[in-house]
Amino acid sequence: MIQVSHLKKSYPGHLTVFDQLSFSVPAGQTLALCGASGSGKSTLLAMLCGLDIPSSGEIVLNNTHFSQLSTHKKIQFRSKNIGVIFQQAILIPHLSIIENIRLPQLYSHCDISDEWIGQSLKNMQLDGIQNRMPHELSIGQQQRVCVIRALSTSPKIVLADEPTGALDPPNANYIFDMLTTYAKINDAAVMIATHDWILAKKCSNTLWLDKEPADADK
Amino acid sequence: MQISNLLSVVHFSAVQWKKNWLSLLTLTIGFAVLLLVQALNQGVQHRYEAALEGLQPNQIWVSAYGKPITEIERRAISQQLSKFGEVFPLHTSFSLLDNVRAIYWVYGSARPLQAITSDVIPPQLDRNIALSNMSENSTSELSNENRSYQVIPSVTHLNPAFLAFIHAKEIIWVPTDQHPSEHRLSAQHFMILNAPLRTDNQNNIDQIKRALASLNLDSKVWHVNTPNELLKMQQLNIKGMLIFFMTLSFVAIFAGVINFIHLLLLNVRQRHTEIALRIMLGARSFDLMVQFFIEAIVVTYVCLFLSCIVFPIIAVIMNYYGTIQISYWILPSLSTLFICYVVAVICSIYPGYLAGLTSPKDLLIS
């Protein structure tokens with residue numbers, strides 16, 4: 001589902017973030033993307049989203065040579081095939097929760113049914129908050145809403161950039177479980193950037209962007 | 001865009017208005033003045049329409065200004081003009097009745113005119129008629145004398161007799177012998193009705209002028225006007241005022257536009273995360289421009305709506321001090337709506353373009 005071959009990213013001034021990076025995430029599996037700050041996790045996710053251009057190498061997403069698409073095609077592909085979750089719970093403050101969840105529908109033109117939203121909120125233990133405003137929810141609840149929004153278009157690829165960074169352990173566990181379940185049920189490839197080794201172990205595979213620490217297995 | 005999203009945009013725009021009411025007030029004032037220009041235009045238009053109803057295309061109006069003319073001169077003029085058609089002299093005078101400035105027109109054919117002396121002795125009541133622009137209260141007091149009056153809107157104009165005459169459906173005599181000492185002749189008007197000549201024929205006009213010149217009346221200013229010329233004169237009188245208010249409205253709208261653009265640019269900065277998120281979810285630059293345009297158009301039309309609400313205050317002031325009666329409630333014309341639309345486009349195009357340049361990469365880097 002996600003195939004990255006010989007990927008290189010370097011910036012002017014001879015700063016190379018990574019070189020000859022190759023990995024794949026098959027459908028139904030999750031990949032934990034680990035590494036210290038500045039190791040290039042966000043840069044890699046940005047390239048997988050089409051927001052950054054690799055210096056060399058190839059990215060194939062859902063059998064599409066993503067890195068070769070034009071900007072416009074990348075936007076179209078991203079809106080239909082990729083769900084993105086950020087470290088911060090980013091909700092539009094003047095839209096209600098249900099409007100925030102429906103936001104991808106504006107641009108991907110897919111149908112997000114009320115039943116699906118209701119069921120997803122129920123699964124996330126967020127019953128009855130459809131018409132509330134984001135500021136009325138806790139950070140953990142907001143992040144769960146963001147996860148629902150990212151999954152609302154049933155994307156085949158989910159990219160999460162430290163989604164549990166601002167959450168307490170129960171909420172973090174919950175979201176990790178949710179994403180791994182989603183990958184299995186929907187045959188999707190999920191890639192999660194995280195600092196949390198314990199959570200990373202819940203994923204099918206782990207990719208270290210810098211040297212794997214000696215105590216990573218503990 | 002879904003209705004719920006549209007409503008949220010309206011809600012957001014209302015919040016913006018609430019936060020930045022002082023800036024957007026400028027835009028509201030600009031639109032209000034624009035509505036005033038529209039109302040003045042309509043007021044003038046109504047006058048023209050009334051005037052055109054009262055005058056036939058072949059009528060000629062002859063006015064004498066400069067000095068009061070004597071009864072002998074009046075007869076001579078009437079005789080000369082009768083060569084060109086049936087003459088209806090109109091005699092204008094001003095006086096005070098019940099402390100209200102009133103304008104009288106003693107009007108009749110050439111024959112009863114001979115009975116009118118310089119003291120304006122009222123002729124037979126059933127044959128002579130006049131017009132007043134007095135207030136309704138004054139009119140009701142005068143009605144006790146078993147006479148009826150036609151009350152018309154204020155006619156403080158360069159040629160009030162003309163305006164009053166053409167506005168009146170029925171012309172009724174107002175007694176002028178209440179305060180004879182206050183009478184003073186100010187102008188004499190002769191209207192040649194049903195003249196067997198074409199008013200657009202300059203030769204005919206020249207003939208009338210020559211006929212009047214042969215009388216050696218020593219009047220400094222003689223006007224020979226066709227109805228259309230008189231209407232144009234009215235138009236010229238108001239043109240300056242219209243230009244002034246038009247300029248004022250454009251200055252206010254321009255200031256409002258600058259403020260509004262500034263406000264939206266600030267919005268682009270404040271809403272960086274939202275914009276980046278929308279781009280991440282698949283929004284193109286065009287989508288963002290449309291979004292900013294919708295927000296701008298909502299705010300702009302809210303300003304226009306508010307200007308419609310405050311307009312009666314302006315109308316009251318204008319009707320009190322101005323010479324043209326304007327209506328208290330006015331619906332924006334198509335041109336005003338179009339100006340609003342253009343304002344929204346101008347205000348949103350650059351902020352929308354800037355929003356499209358936002359990089360969502362920051363969301364990941366953060």
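Each value in this text was obtained by applying a stated rule to the coordinates, not by laboratory testing. Because the structure is predicted, anything quoted here is derived from the model rather than measured. Neighbour counts run over all protein chains shown; Cβ positions are idealised from the backbone, glycine included.
What are the semi-axes of the equivalent ellipsoid of region A:58-115, taken as the square roots of 5 times the eigenvalues of the Cα gyration tensor, listed largest first and rounded to whole Å?
Semi-axes from the Cα gyration tensor: 26, 14, 10 Å.
Once label points are set 7 Å from the Cα along Cα→Cβ at both residue B:269 and residue A:122, what is their separation, rounded to one decimal in nm?
According to this spin-label approximation, the distance is 4.7 nm.
Find the centroid of the Cα atoms in region A:48-72 and in region B:270-310, then give the distance between the two in whole Å.
Taking the Cα centre of each part, region A:48-72 and region B:270-310 sit 31 Å apart.
I'd like the chymotrypsin sites (Phe, Trp or Tyr not before Pro) in region A:68-159 restricted to DSSP loop residues with at most 13 other Cβ atoms within 10 Å, sorted by number.
Sites meeting the loop and neighbour criteria: none at all.
Please determine, in degrees from 0 to 90 and to the nearest 10, the orientation of helix A:97-108 with respect to the longest principal axis defined by the Cα atoms of chain A, where the helix direction is its Cα long axis.
That helix lies at roughly 50 degrees to the long axis.
Can you tell me the mean projection area, over all orientations, of the convex hull of region A:1-94's alpha carbons? Units nm², please.
7.6
Given the pairs A:41/A:122; A:9/A:156; B:209/B:239; A:80/A:122; A:122/A:184; A:156/A:201, which span a C-alpha to C-alpha distance of over 27 angstrom in this model?
Over 27 Å Cα-Cα: A:41/A:122; B:209/B:239.
Please compute the net charge surrounding residue A:117, taking Lys and Arg as +1 and Asp and Glu as -1 over other residues with Cβ under 14 Å from its Cβ.
With Lys, Arg at +1 and Asp, Glu at -1, the neighbours total 0.
Within the set of other residues whose C-beta is less than 12 Å from the C-beta of residue A:56, count the net charge using Lys and Arg as +1 and Asp and Glu as -1.
Within the 12 Å Cβ shell, the charges total 0.
Roughly speaking, what % of Cα-Cα pairs in region B:271-325 are separated by over 17 Å, rounded to a whole number?
The answer is 59 percent, as a whole percent.
For chain A, what is one quarter of the convex hull surface built on the Cα atoms, given in nm²?
Over every viewing direction, the Cα hull of chain A projects on average to 12.2 nm².
What does the charge count near residue A:172 come to, summing +1 for each Lys or Arg and -1 for each Asp or Glu among other residues with Cβ under 15 Å from its Cβ?
-2
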